[in-house]
Ligand SMILES: [Zn+2]
Ligand SMILES: [Zn+2]
């Protein structure tokens with residue numbers, strides 16, 4: 001499996017980092033996690049077909065994680081675009097109401113015309129198959145907005161966890177337990193750490209406590225850009241630490 005960073009940035013997107021979005025490649029298929037602004041563009045740059053998407057997992061409904069959903073739905077309706085027969089959106093309790101609000105705002109432009117579209121509150125665990133690769137996704141509540149989720153993906157005999165946005169909490173440690181790759185948000189420097197977000201030191205401690213093998217730091221606000229966040233995380237964690245960039249690919 002391969003983890004593709006579609007956006008390593010945040011709400012404050014100054015480039016070259018764009019807001020949150022990721023894809024896990026299984027064979028020639030992709031499971032997508034979050035679709036913040038510019039994710040339709042980044043998918044194209046990464047060779048990921050929005051037409052073929054079947055499952056998108058949302059961690060929470062902040063615009064830097066969901067804004068391009070409307071662009072993806074509109075793109076799938078365009079004449080000449082042939083889509084997968086279903087698209088399932090998984091996420092927090094409020095996700096179905098969010099889809100309804102998009103329908104209220106955009107009407108038939110985002111109604112699925114030629115395929116089945118569903119938004120589901122994530123049931124805690126989901127299983128499926130992508131290009132012949134069985135996958136299992138599980139979730140835990142994390143410490144960010146009410147209902148925010150982190151995810152754990154298991155496929156090809158490997159496991160990874162993606163924090164979405166979170167502060168330190170038991171949920172993120174449980175998701176990262178013994179994973180091959182922990183993908184953790186690293187919003188702010190340790191001295192400016194706030195509730196509901198992580199910092200390099202917090203990320204390192206979570207990875208160590210959970211026994212993760214590798215750590216990928218992402219979701220960097222500008223204040224973190226000037227820092228060697230990997231070195232700061234390594235003070236707490238002696239596994240490999242990577243810093244995400246847009247369109248980076250990590251073999252898991
Ligand atoms: Zn965010
Ligand atoms: Zn957020």
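Taken together, the residues in region 15-31 that are surrounded by 24 or more Cβ atoms within 10 Å (Cβ to Cβ) and either under 11 Å from the mean Cα position of the chain (by Cα) or on the phi > 0 side of the Ramachandran plot (or both) amount to 7. For region 57-91, the candidate set comprises residues that are surrounded by fewer than 16 Cβ atoms within 10 Å (Cβ to Cβ) and over 23 Å from residue 126 (Cβ atoms); within that set, the residue that is nearest to ligand 1 (Cβ to nearest atom) is 63. In region 178-190, the residues that are on the phi > 0 side of the Ramachandran plot reach residues that are part of a strand (DSSP E or B) with C-beta atoms within less than 8 angstrom, at least six apart or across chains, in these pairs: 178/159.
Checking each residue in region 177-197 for being assigned to a loop (DSSP other than H, G, I, E, B) and more than 20 Å from residue 91 (Cβ to Cβ) picks out 177, 178, 179, 180, 186, 187, 188, 189, 193, 194, 195.
Just one residue in the set 216, 242, 247 is in contact (Cβ under 8 Å) with a residue 60 or more places away in the chain, part of a strand (DSSP E or B) and away from ligand 2 (no atom under 16 Å from the Cβ); that residue is 216.
So which residues in region 1-16 are touching a helix residue (DSSP H, G or I) at 6+ places or on another chain (Cβ under 7 Å) and away from ligand 1 (no atom under 11 Å from the Cβ)? Of everything in region 1-16, those that are touching a helix residue (DSSP H, G or I) at 6+ places or on another chain (Cβ under 7 Å) and away from ligand 1 (no atom under 11 Å from the Cβ) turn out to be 6, 14. Scanning region 145-167 for residues that are in contact (Cβ under 8 Å) with a residue 60 or more places away in the chain, surrounded by fewer than 23 Cβ atoms within 10 Å (Cβ to Cβ) and in a loop (DSSP other than H, G, I, E, B) returns 145, 147, 156. Restricting attention to region 17-31, the residues that are closer than 18 Å to residue 88 by Cα and either within 16 Å of ligand 1 (Cβ to nearest atom) or part of a loop (DSSP other than H, G, I, E, B) (or both) total 2. On the stretch given as region 32-56, residues that are assigned to a helix (DSSP H, G or I), more than 16 Å from ligand 1 (Cβ to nearest atom) and crowded, with 22+ Cβ neighbours inside 10 Å total 1. Residues in region 173-191 that are away from ligand 1 (no atom under 12 Å from the Cβ), more than 12 Å from residue 213 (Cβ to Cβ) and out of contact with any helix residue (DSSP H, G or I) (no Cβ under 6 Å at 6 or more places or on another chain): 174, 175, 183, 191.
Where a number appears in this text, it was derived from the coordinates with a stated rule and is not lab data. The shown structure was predicted, so the numbers you read here are calculated from the model rather than taken from an experiment. Because the Cβ atoms are built from the backbone with ideal geometry, glycine has one as well, and the counts that use them run over all protein chains shown.
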